[in-house]
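Step one of this worksheet: look at the structure below.
FYI, it's all coordinate maths here, none of it is from the lab. Computed from a prediction, not measured in an experiment: that's the story for all the values here. Every residue, glycine among them, receives a Cβ derived from its backbone with ideal geometry; neighbour counts consider all protein chains shown.
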Amino acid sequence: MLRLGKLKINTMLIMAPMSGCTDLPFRTIIKDFGCRFAFYEMLDASATLYSHKKTAFMLQSAIREMPLGAQILGSDPSMVLDAAQIILSQAKPVLIDLNCACPAKKVIKKKAGAYLLKEPKKAAKIIKNLSSRLPVPVTVKVRSGWDKNFPQQGLKLAKIARDNGAKAVFMHGRTVRQGYEGHVEYLSIARTKEVLDIPVIASGDIWNPRLAEKMLIQTGCDGLLVARGALGRPWIFKEIQAHLEGKKIPAAPSLGKIKILVKRHLKAYADWKSCPQKYIIGHMRKIAMWYFRGKVYATRTRDAIAKAQAYEEICEIIDRVT
Ligand SMILES: Cc1cc2nc3c(=O)[nH]c(=O)nc-3n(C[C@H](O)[C@H](O)[C@H](O)COP(=O)(O)O)c2cc1C
């Protein structure tokens with residue numbers, strides 16, 4: 001259980017916001033595998049303000065997956081607030097998170113995402129604006145720092161977030177320079193947890209129950225964000241839950257069951273997207289590959305999927321996997 005201001009979330013295991021991944025079909029699948037709280041895909045403030053159709057599409061949800069969080073990306077305090085209000089009017093997220101963690105070049109160029117680690121005063125203004133005007137709790141996602149020379153920036157921004165009304169901090173224990181490479185570093189998260197009196201939810205390398213437990217022990221954090229570990233392995237939620245409750249970790253699904261699941265995921269995607277197949281085929285290939293990552297037959301399967309031109313073709317390749 002997590003308490004973020006007045007909001008209670010009945011789990012400490014949260015699916016991280018992930019652009020291009022945590023869409024409606026994906027969230028429906030992880031819900032079936034025990035995920036109790038997830039995020040919509042990250043929403044860019046200016047795209048939200050100027051492309052209402054796209055926002056409405058990204059904010060589609062199913063009643064049974066509620067509650068959900070929404071994450072916003074931006075650098076202009078009033079635009080971020082206006083965008084957050086649009087999000088709240090089009091959907092019913094129970095919290096709004098400000099992204100101060102995205103290291104993508106195009107995001108940094110716009111002085112948003114992790115760039116806000118370098119502009120704490122501006123970040124403070126955005127957070128204060130949101131937390132004083134929105135009816136839902138505001139949270140902030142940070143990186144541990146910009147690079148190894150500035151390892152304290154995440155902690156500094158986390159304190160600023162708390163001082164400006166944030167009700168929790170998500171911390172990814174990698175620096176901006178690291179991107180998604182190398183291993184997560186636990187110390188920055190542990191220090192942040194020590195200093196803050198609001199929940200600290202940790203992110204980084206939650207690939208399996210053992211690493212989830214390690215994160216909890218090493219940092220003392222209040223909750224965990226599952227990210228890449230859930231792509232193609234939605235059962236990770238049940239595995240971690242069981243392990244943390246001291247129960248036997250359930251066996252992973254058989255190859256036969258995984259094949260059925262991938263096809264179900266792809267079908268949900270094909271039925272959901274109302275755009276030409278040529279556009280969605282790349283995403284379907286990506287989804288299919290998530291499920292076969294790291295398996296002995298993965299290379300063969302990946303090569304075949306990479307060439308597939310249609311949904312039916314990917315399904316045929318999956319049927320042939322043995
Ligand atoms: C493809 C991809 C997309 C991501 N998109 C977002 C995003 O939109 N917002 C965000 O806060 N973090 C995003 N992240 C970061 C994850 O939420 C998470 O913090 C990070 O992957 C570290 O966790 P892991 O090592 O367990 O994967 C993304 C990561 C990946 C790999």
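Mind checking which of Lys110, Lys259, Lys238 has the largest fluctuation in a GNM of the chain, springs on alpha carbons under 10 Å?
Lys110
Work out how much length Phe150 to Glu119 would gain on full extension: take 0.36 nm times their residue separation and subtract the Cα-Cα distance, in nm to one decimal.
Contour length minus Cα-Cα distance gives 9.8 nm.
Compute the Rg/Rh shape ratio of the range 122-254: radius of gyration over Kirkwood radius, all on alpha-carbon atoms.
With Rg and the Kirkwood Rh in hand, the quotient comes to 1.02.
Where does each of Asp97, Asp319 land when they are ranked from fewest to most other beta-carbon atoms within 10 angstrom?
Asp319, Asp97
Using the Cα atoms as the points, what is the convex hull volume per residue of the chain in Å³? Walk me through the numbers on the way to the answer.
Working: hull volume 42.1 nm³, N = 322.
Taking only Cα atoms, the chain has a hull volume of 131 Å³ per residue.
Could you check what % of the DSSP bridge pairs in the chain are antiparallel, to the nearest 5?
10 percent
Given the range 255-320 reduced to its alpha-carbon atoms as identical point scatterers, what log10 I(q)/I(0) does the Debye formula return at q = 0.11 Å⁻¹?
Values returned for q = 0.11 Å⁻¹ are -0.21.
Please report the net charge: other residues with Cβ closer than 14 Å to the Cβ of Ala306, K and R +1, D and E -1.
Neighbourhood net charge equals +4.
Sorting Arg320, Arg36 on the 10 Å Cβ count, fewest up front, what's the list?
Sorted ascending by nearby Cβ count, the order is Arg320, Arg36.
Among 195-202, 206-213, 59-66, 172-179, how do they line up by average Cβ neighbours within 10 Å per residue, starting with the highest?
Ranked by mean Cβ neighbours within 10 Å, highest first: 172-179, 195-202, 206-213, 59-66.
Going by how many other beta carbons lie within 10 Å of each one, how would you line up Ser203, Ser75, Ser89, fewest first?
Ser89, Ser75, Ser203
Using the Cα centre of the range 2-244 as the reference point, and only Cβ charges (+1 on K/R, -1 on D/E), how large is the resulting charge dipole? Debye, rounded to the nearest 20.
Here the range 2-244 has a charge dipole of around 420 debye.
Just to confirm my numbers, what's the Cα centroid distance between the range 51-81 and the range 104-179 in Å?
Each part's Cα centre sits 18 Å from the other's.
If we restrict to alpha carbons, what Rg and Dmax does the range 1-140 come to, in Å?
Both quantities, over Cα of the range 1-140: 14.3, 41 Å.
Work out how far the C-alpha atoms of the range 4-54 reach from end to end along every principal axis, then list the three figures in whole Å, largest first.
35, 29, 14
Under 10 Å, Cα contacts only: if you run a Gaussian network model on the chain, which one of Glu239, Glu181, Glu41 comes out with the highest mean-square fluctuation?
Glu181
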